[in-house]
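In what follows, a structure is listed as C-alpha cells, so that the remarks can point back to it.
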C-alpha cells in the first residue's frame, strides 16, 4: 500500500489531522500549536474529511504553512513538509515536532495569543491548569508535593466520586481558586491525577490517575 494511503487509513486522531486546503494561516496555526503542545503530529493537506484525496496547489499551500508556523505561532515551530504525488494529485505531509519550549501560542483573530492542546481529533483551547503544567514541564523544575490535608481531601473525594471540577474543589475545602489550581497543577505534574477537557460542556474536570499512599 502507498505510504500516504497508510497514513490516511488510520483516521484523524491526537497526532493526525486532514485539511482539504488551507484557507487561513490563523486556523492552521491553531492545529500546529496543539500538536507542538502535545507530542507532535502530522497534517495532511489535500485530503478530505472522508479520507479521499483532493490534492492542492503546493506553492500557495507551502506559503500559508510557512506563514502559520513562523508568524502565527509563538515560539515559531520548525515544521517539515514532504510532498506526495498520488495519481497526479499533490498532498503535503506536514510534520509538527513535539515542542521543547512549551507552551506554544497561536495568534487569534482578536490579535491575542492563545494556547491550544490536542484532545483526540480536536484542537481545544487550553485551561489555565494545562498552561501551567506545560510551563512547569518545560522549566525542568522538580515538582514535590507535600500531602497535606488539602491534597488528602481532594484524593479522598476522587476515590469516592471519580471526578471533580476546580469550583467543586474550592467549595469542598473552602480555599481560593488560585490555591486550588496550584495544588491541582502539582498533582497533575507528579502523575497522581489527570485533566479532561470537554469543549461541548465548556468545563474541565479531574480524575484519579494513580493509586496513592500517605
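Bear in mind that the values in this text are calculations on the coordinates, not laboratory data. Just so it is clear, the structure is predicted and the values come from calculations on it, not from any experiment.
Among beta bridges from DSSP that stay inside the chain, the antiparallel ones total about 90%. For the chain, the longest principal axis of the C-alpha atoms and the axis of helix 25-36 are separated by about 50°.
If one takes the longest principal axis of the Cα atoms in the chain, at what angle in degrees, from 0 to 90 and to the nearest 10, does the Cα axis of helix 58-71 lie? It works out to around 30 degrees. Taking the chain as the reference, fit the longest principal axis to its C-alpha atoms, fit the long axis of helix 149-161 to the helix C-alpha atoms, and give the angle between the two in degrees, 0 to 90, nearest 10. Roughly 70 degrees between the two axes.
Take every Cα pair under 8 Å whose residues are at least 6 apart in sequence, average their separation, divide by the length of the chain, and the relative contact order is 18 percent. Could you tell me which of rounded, prolate or oblate describes segment 3-125, using a ≥ b ≥ c as the square roots of the eigenvalues of the alpha-carbon gyration tensor, with rounded for a/c under 1.5 and, failing that, prolate when a/b is larger than b/c and oblate otherwise? Taking the square roots of the gyration eigenvalues as a ≥ b ≥ c, segment 3-125 is prolate. Assuming 0.890 mPa s and 25 °C, estimate D for segment 130-208 with Stokes-Einstein, Rh taken as the Kirkwood radius over Cα pairs, in µm²/s. Rounded to a whole number, D works out at 190 µm²/s.
With helices as the sole contributors, the chain gives -11500 deg cm²/dmol at 222 nm; each DSSP H run of n ≥ 4 counts as -39500 (n - 2.57), and the sum is divided by every residue. In the chain, the ratio of gyration radius to Kirkwood radius, Rg to Rh, stands at 1.06 when only Cα atoms are counted. Cα centroid distance between segment 87-156 and segment 1-74, in Å? Computed from Cα coordinates, the inter-centre distance equals 19 Å.
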